Structures are given as structure tokens and as C-alpha cells.
Amino acid sequence: MQTCKKYWQHVAKLITQNNFLNHLPHFVTAPEARPTREYPKRTTSINRNGLNITLNRVPINEKGPTGTCRINSTTYFCSYWVEGRCHAILEALCRTYPQFRTLMIPHLPHEYMKKDIYLIRWLRDRNFDVAAAEKRLLAHIRWRSENQIDSILSEDWDDFDREYRIYIEGCDKDGKPVITMFPGDWDIRRVALSGKTKLFLRYLVKLFEEALVTVRAMQESGQNVTQATIICDLAEFNVITNGCPSCIAIYIQLATIYENNYPGLAHRLIGINVPQVALTLWDLLKHFLNPQTTEVLHVYSRDRRSWERALFNEIDRDQLPTKFGGHKTNDSLDLVEYRGLNKVFACT
């Protein structure tokens, strides 16, 4: 009885977070469940305005109901299936997505923006409110044009790349790339005092764009990837160079840029080795963020056991180096080195 209660609590949490559709791509390659006499396969088809959704619901084991979901030409394996309630979420998608797509297609300058997986992300971020999602995406398109984001990857960032190192480690348990960085090593105060705040923020936007390009390339190579898992190690965080008033202003601007223009990019952003002063700073900053963003952010103190548990809940040990408690044998891949390889990153 207690196990059943915990299961439904977990399901309710997934739905409450409006995160259910985010989990669908993680199960594309899972085997099809087989119907039984007690639980025959049941299919529900929805076909409206060019969007085809087929739901197959069958239990796969005693842990709870499961099923598959086919949206247009893509089939997803759906765990944590909920009779009626998950169906209602997909009904909301079916009801709103055709209208949203019709409204947005004439305004989208790039082919990747016209794909279902891209558009659904914006709709989901606004809780399937078509008007709100349209407003948000149109604002994003204007922002890209005004700030020349389409050319940002071709700009010269060598100086920033040398100073702000970022690494690709491996993949999490769902096949998403794991990215690590060490913001405690970054002298944010010097950035502000040197008048380079705008350029620094533009560099971080460049990193967001680079992450999206990497994820899209992985998708096109057949990998079921929609997001990345990011680890930020703040072991060297210093209140003078990282916690100054000008630093906080930069963090708020960065959070605003991320929320408005990169919804759903990060599956998890895990902060580890966070000192008490930074935890206090986090308590202040999180009030400026929307619930979708704060749900992604997980912050842990310098208690190694607590953050190791969090990491290994998401990532296998052989995908992380020893400094994070793992036992990965190959070196971390510097982002600059990865660009030079000119190949698609693969989760195997």
C-alpha cells in the first residue's frame, strides 16, 4: 500500500511540474509492453488539424501502468502513465498545438524552429497557453534579430574560451550530455569593473547557442536527446570576486536571458560545493526566477555525500571523473577541443 502511495505521489509530482512531455523522449528506444488478459492493450487516437496522436496503454510490470505515445511520425515510450490525467495533458497538447503551429510558422526564420520538438517546448513552457507562448516566441525571434544571435558562433571568442573553461564529461542515465563548469574560478567582479558585462553575457549566450546546436546534431544523428545536464562546481567561490553587487546584477541578467530565450535547455543544473554565502545568495536570486527555472536548479552545500547522491541519481559513476566521485577513465573533453573534432558527440 505504501509503495503504491509513493508511486502515485511521484506521478502527481511529474504532472504538477508540467514536466511530463519532457520525459517522453527519454523512452523512445524502450521495448514495447505486451498486453495481458488482465490488462489488454487499449488505443486512443486523436486527429485534429494535422496533428496525429495515438496512445497505447498497457502495463509492463507491477510498478504501475505504462504505454506508448505516437505524435505524428515519432513514437515515444511512456512510463509513469496515468489513466485520464496524462491523457488530459496530451489532450491539451492536441487541442493547442495545431493552432500554435499555424500561428508561428510564418514567423520562423529557420527550419529547425518549425519542427514539433522545438515548438512544443515553447508551448509547454507557457502551460499550453497559446497566446502566451506566441508572445514569448515572437519576442525571442525579435531578440535574436536585434542581437544578431544567428552570427554569434562565428565571432571571435578565443580570449573568453581560454579564461572560462567548460567540459563535456559523458552522458546521464537518460542519454543527455553532461556538461561541467567551475564558476568559482571566474572573476565576475573583474568583468564588471572592466566594462565587459555585455560582452560576457553575450559569450554566455554563445554557450547556450552552442549547447542547442550540439543537441540538435545529436538528434539528427538518431539520438534521443532534447536537453543537457549541467554541473557547476563552486568550490572556489569567493564573495569578493563572485558575490559582489555587480556580480549579482550579472547573475540576474543571465537568468532573465535564459528564462526568456532558452526554455527547457537544461534538464538539471546542479550546483555543488556551494558555500554558505552563496546559498544565501541563491535564496535571494530564486525569487527573481519562474517556477520552471527553479525546478531545474538543484543547489548543494559542501557536504560531499549529499551532492554525490544527487549526481549519481542522475549520472552513472563511469560517466564522471574522480573529482566528482566517479571513476571515468578518459579525460574530460574541453569544449574548445570538442569544436576542433568536428564530429557529433555520442552517448553510448
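Every number here is computed from the coordinates shown, using simple stated rules; none is lab data. No experiment lies behind these values; they were computed from the predicted model shown. Cβ placement follows ideal geometry from the backbone for every residue including glycine, while neighbour counts extend to all protein chains displayed.
The gain in end-to-end length when the Cys347 to Thr102 segment is fully stretched comes to 84.8 nm, 0.36 nm per residue minus the alpha carbon separation. Each residue of segment 105-112 was assigned a 3J(HN,Hα) from its phi angle through the Karplus curve 6.51 cos²θ - 1.76 cosθ + 1.60 (θ = phi - 60°); the sequence is 3, x, 9, 8, x, 10, 5, 4 Hz, with glycine and proline shown as x.
For the pair Leu285 and Ala217, what calculated FRET efficiency results from E = 1/(1 + (r/R0)^6), where r is the Cβ-Cβ distance and R0 = 45 Å, to the nearest 0.05? The partial results should precede the final answer.
Values: r = 32 Å, r/R0 = 0.71.
Using R0 = 45 Å, I get an efficiency of 0.90.
Ordering of 107-116, 287-296, 318-327 by packing is 318-327, 287-296, 107-116, highest average first (other Cβ atoms within 10 Å, averaged per residue). Each Cα pair under 8 Å and six or more residues apart adds its sequence gap; the mean of these over the residue count of segment 151-341 is a relative contact order of 25 percent. Scaled against 2.2 N^0.38 Å for its residue count N, the alpha carbon radius of gyration of segment 151-341 is 1.00. Residues whose amide H falls under 5 Å from that of Leu297, counting only those 5 or more places apart or on a different chain, are Leu269, with hydrogens built in the peptide plane.
The simple spin-label model puts a point 7 Å past each Cα toward its Cβ; for Glu111 and Asp159 those points are separated by 3.7 nm.
From most to least packed by mean Cβ count within 10 Å, the peptides 135-144, 149-158 give 135-144, 149-158.
For segment 200-285, the alpha-carbon coordinates run over 45, 24, 19 Å along the three principal axes, in decreasing order. Per-residue 3J(HN,Hα) values for segment 187-193, derived from phi via the Karplus relation 6.51 cos²θ - 1.76 cosθ + 1.60 with θ = phi - 60°, read 8, 6, 4, 5, 4, 5, 5 Hz in sequence order (x marks Gly and Pro).
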